[in-house]
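Okay, so here's the structure we're looking at.
Laboratory data are not the source of any read-out in this text; all were calculated from the coordinates shown. As the structure is a computational prediction, the values presented were derived from the model and not from experiment. In this analysis, Cβ positions are derived from the backbone assuming ideal geometry, glycine residues included, and neighbour counts consider all displayed protein chains.
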Amino acid sequence: MSMSKKYSFVLILLVLIFPAAISAQSIHIPPHEKVIFKNGLTVLLLEKHGVPIVNFAALVKTGAAADPVGEEGLASITAQLLRKGTQKRTAQQFAADADFTGGSVEADAGADFSTVQGEFLNKDLARGLELFSDALMHPVFPQAEVDKLLAQSLDGVRAAKDEARSVLGTYYDAYLFNGNGYGRTSDGDEISLTKIHRDTIVKFYETYFAPGNIILAVAGDFQTAEIKKKLEEVFGPWPSKPVTAVKIPILPPVKGKKLLLIDKPDATQTYFAIGNVETAAGDPDRVAIRLVNTVFGGSFTSMLNESLRVESGLTYGVVSAFDPRKAPGPFGIYSYTKTESTVQAIDMALQILQKLHKQGITAEQLASAKSYIKGQFPPSIETSKQLAQIIVVNEFYGLDDREINDLEARIDAVTPAIAQQVIQKHFPADNLVFTLIGKNSEISSAVQKYAEKQDARLISAPGFWPAPAQK
Amino acid sequence: MKKNWLQIAKLAMVCVACLSCVGTPAAAQQFPVTERTLKNGMKVLVQSDHSIPNVALYIFYRIGSRNERPGTTGLSHFFEHMMFNGAKKYGPGELDKVMEANGGSNNAYTSQNVTVYQDWFPRSAMPLIFDIEADRIQNLNFDPQKIESERGVVASERRSSVDNDNGGLLEEQLWATAFIAHPYQWPVIGWMSDIEHWTIDDLKHHFAMGYSPSNATMVVVGDVTPEEIFQLCEKTIEPIPSHAPPPPVTTLEPPQLGERRLVVHKPAELPLLMMAYHVPQTNHPDFYATNILRTILFQGESSRMYQRLVDKDQIALDVSSQVEPAFDPTLAIIVAQPKQAIDPEKCEKAIYEELDRVKLSTITDQELEKAKNIRLMEFYHQVRTINGRANTIGTYEVFSGDYKKLFDAAKNYAAVTKEDVQRVAKTYFGANNRTVASLLPENEEKSKQ
């Protein structure tokens, strides 16, 4: 039987791709080197010894934002197929070779970018590099593997809908952005996945997987000079080609209030998200936002958790989170409660949001958030895998090591007055988007009071929002 | 950001498995452990690592749902929640407030066997953490109001992890069917009606039964020295008197003499299949060979089950197996996610055929070597962080009886032969020893009629 625990924050929504990193004074990111190969490939090398593992993280600067309308999921499918057949190996041979080392090669795509990651023991470094580069440079996308993966992904979407908490974020983003920009699901849906074909996959790969469009970070147990030479040998001959950056639409926050109710007739809890469009990666206010959000809904003693969980017992988990990306991403309050207490819990969350605006946060709360973020930071740069991801993503968003090395100073510089400004500027007050997954027959009339505009769908209806156009 | 409970559960589940299998001498030397048993019987294990200025502290109590009775199932887990709701010095809500204000965070998990408390904090918070831990072990307060609000929290946790989670629901039914005598038959989180009816006296009784210092093991890993930890223990933990440990769990599950089957009908997009086989407890010698077998069958896309069900037959999205650390004979569980409209029995048949194949002829040398490499990588995944190491050392100490056994693991692992793997497949993975659980989508059944 599974273990349980004191609490959990709600789901996967919280994985901040953008490492809004805060450091203790003694914490610095280990020194690393940046090299740009003649073909345009950016290479970042970070030596870290102790554990005999080497991590590769390649970031392709194009993600699901480049999916053609109606073919959502294309970037993700393309990435996942990289290891499903190359010029040298069938999918089965690739899996056998990778598994034999105990290592892995994994790939996927988010909205802003695609990633290919590899992990190997240093004793298998040569073999690992060969496998990793084989997937990145020589995929052949066999028709049979394309068909297999598309069928699996289709059922994957259906399986996710069996568990409300795993699709709450997808519905919320889709409704928040009204199916545009970040509202287009990077995993695809039941309709879009049937529109994806091998030729569009090959075209996507050929258009965007070019050295000049890729940042490759390697971190772990190696000697820099040695690995640089090996990487030159392997990736140097990869021919360069021009790649046009994909424009990500900048969508304004939603005006007014709107509510989407997803009917899951067997649900005994209502899962809800409330918020609006918010900041982008690299926002100058990012440190202050993180501090205020820690107080509002980003820790166990947060205002939201104190109220919805600790004092009232309405839920096992509530959290608020920003998801800053290239363009402004979502901000949301995420939680769940039993069907009967739906209105009570949502009312309470809204009251806490109002309280934040009316009363702000105390000096004591701000000081606690500062200690908390500083104290919890070091374990987030402990492994070579974490470090590879951080440096590659920072490079992509145009950020640098000061994100880590200067952050204690940046935290200290946030005053109560700055916190107050950030609340007014970045936390929505009257303009709110609601997304609920629950038992429609028991909650629909009660939740009408939240928004003038109401929408409803059945969870088993294909797609998320809006309903995909049937062709 | 904190991990969700599923991730923690998985972490805890894998760690014994990989430790038992690898632990090369080189790896072991990287983290020498210093141990001391306090006068009250609590064992303390310390491992210094100054690479980051942080500390992970775990306290394992040897009490879990196996120590419960019908009527109060889930009490260990509920008690775990109450350990955060106020003691003498740090009242309700104060523990978390003071810990966060000093840069620390905490969590806990409960299993059938143990209840584990976790603190993660910067070195500077060390004295505070010991003060907090001593306070709640010694002087926990049972505030009737807190009990009621926490009851709501746990009910919400259950709704989330069982009622609204097809996997959680089916697994609960699986344990309840595979065990008819032993306490592993009830869920760690407890039946909903028990959650609704616990009393303050039940909690007090549970505290008195399970929370003697002598029933606990503390593991501290990070930017510390053993000397300073032992000094803090002498001041804060050692003076706390011990008492009798929980009564031994004497019930033995009788051998299963034939297949058991159960079906759950529920609105769902996809069916789900789980199969359970009784296997020995963690400290049994067959543990190593069973892990190798599971690795070859289930781990990675080149594994036999993935190749068969997902890649070749294309009847499943995913197939995996799990065994949790356990004091008593437990279950090896196989989970298959059939594709939409695929009859779970089709997956079942393919799984039996693959099991038969490992019983009929031995695995290859290449497969055996692959399994070792996979275990080695998993081992490094566990020990590459101070948090992973604290959990791993503690889990080994508690479930295998001695953390030092991790240094023998490489030897035990190397000793596993192809014939051993074949033998455990034949011994434990037979028809009479299995329980099969299927979740069938109600809507789909209706549409077929």
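For this structure, a couple of remarks:
- Once the gyration tensor of the Cα atoms in chain A is diagonalised, the equivalent ellipsoid follows with semi-axes of 38, 29, 19 Å, ordered largest first.
- Karplus 3J(HN,Hα) series, Hz, for the range A:174-180 with 6.51 cos²θ - 1.76 cosθ + 1.60 (x for Gly, Pro): 4, 6, 4, 9, 6, x, 10
- Mean Cβ neighbour count within 10 Å, used as a protection proxy, ranking A:78-90, B:400-412 highest first: A:78-90, B:400-412
- Amide hydrogen neighbours beyond the local backbone of A:LEU260, cut-off 5 Å, H modeled: A:PHE434, A:THR435, A:LEU436, A:ASP455
- Peptide A:376-383 shows a mean partner chain C-beta count of 6 within 10 Å per residue C-beta.
- Dividing the C-alpha radius of gyration of the range A:12-235 by 2.2 N^0.38 Å, with N its residue count, gives 1.07.
- Of the Cα atoms belonging to the range A:40-152, the radius of gyration and Dmax stand at 14.7, 47 Å.
- Amide H partners (placed H, <5 Å) of B:GLU324, local residues excluded: B:LEU331
- ³J(HN,Hα) computed for each position of the range A:249-263 - Karplus, 6.51 cos²θ - 1.76 cosθ + 1.60, integer Hz, glycine/proline x: x, 8, 9, x, x, 6, 8, x, 10, 9, 9, 10, 10, 9, 7
- Most simply put, chain B has about 75% antiparallel DSSP beta bridges, counting only bridges with both residues inside it.
- Within the straight-line cut-off of under 16 Å between alpha carbons, the aspartates and glutamates reachable from B:LYS312 are A:GLU145, A:ASP147, B:GLU301, B:GLU348, B:GLU353, B:GLU354, sequence neighbours fewer than 8 places apart in one chain being disregarded.
- For the range B:339-449, the ratio of Cα radius of gyration to the globular rule of thumb 2.2 N^0.38 Å stands at 1.50.
- Placing +1 on the Cβ of every Lys and Arg and -1 on the Cβ of every Asp and Glu, with no other charges, gives the protein assembly as shown a dipole of roughly 640 debye about its Cα centre.
- Ordering of A:244-255, B:163-174, B:380-391 by packing [mean C-beta count within 10 Å, highest first]: B:380-391, B:163-174, A:244-255
- 5 angstrom amide H check on B:VAL264, placed H, neighbours 5+ away: B:SER438, B:LEU439, B:LEU440
- DSSP-defined beta bridges in chain A - what % are antiparallel, rounded to 5: 70
- Of all lysines in the structure, the ones whose alpha carbon falls short of 18 Å from that of A:LYS355, not counting any fewer than 8 places away in one chain, are A:LYS425.
- Its Cα centre serving as origin, the range B:5-236 has a Cβ charge dipole (Lys and Arg +1, Asp and Glu -1) of approximately 460 debye.
- The protein assembly as shown: radius of gyration and largest Cα-Cα distance (Dmax), Å: 26.6, 76
- Legend: distances between Cα atoms for A:LYS195/A:LYS241; A:LYS34/A:LYS385; A:LYS338/A:LYS449; A:LYS229/A:LYS326; A:LYS48/A:LYS84; A:LYS148/A:LYS203; pairs beyond 26 Å are A:LYS195/A:LYS241; A:LYS229/A:LYS326; A:LYS48/A:LYS84.
- Here B:LYS204 is the anchor, and the lysines within straight C-alpha reach of less than 23 Å, apart from those fewer than 8 places off in the same chain, are A:LYS5, A:LYS6, B:LYS88, B:LYS89, B:LYS146.
- Remark: mean inter-chain Cβ contacts per residue of A:296-308 equal 3, using a 10 Å Cβ-Cβ cutoff to other protein chain atoms.
- Computed Rg/Rh of the range A:292-382, alpha carbon atoms with Kirkwood Rh: 1.00
- For the range B:5-236, the spread of Cα coordinates along the three principal axes comes to 47, 44, 31 Å, biggest extent given first.
- Principal axis extents of the Cα atoms in the range A:257-458, from largest to smallest and rounded to whole angstrom, are 53, 34, 28.
- The phi-based Karplus calculation (6.51 cos²θ - 1.76 cosθ + 1.60; θ = phi - 60°) puts the 3J(HN,Hα) values of the range B:367-383 at 5, 5, 5, 4, 4, 5, 5, 5, 5, 4, 4, 4, 4, 5, 4, 6, 9 Hz, whole numbers, x for Gly and Pro.
- Under Stokes-Einstein, with the Kirkwood radius over Cα pairs as Rh, the value for chain B at 10 °C and 1.306 mPa s is 69 µm²/s.
- Shielding value for B:411-424 is 0, the average number of Cβ atoms from other chains within 10 Å of each residue's Cβ.
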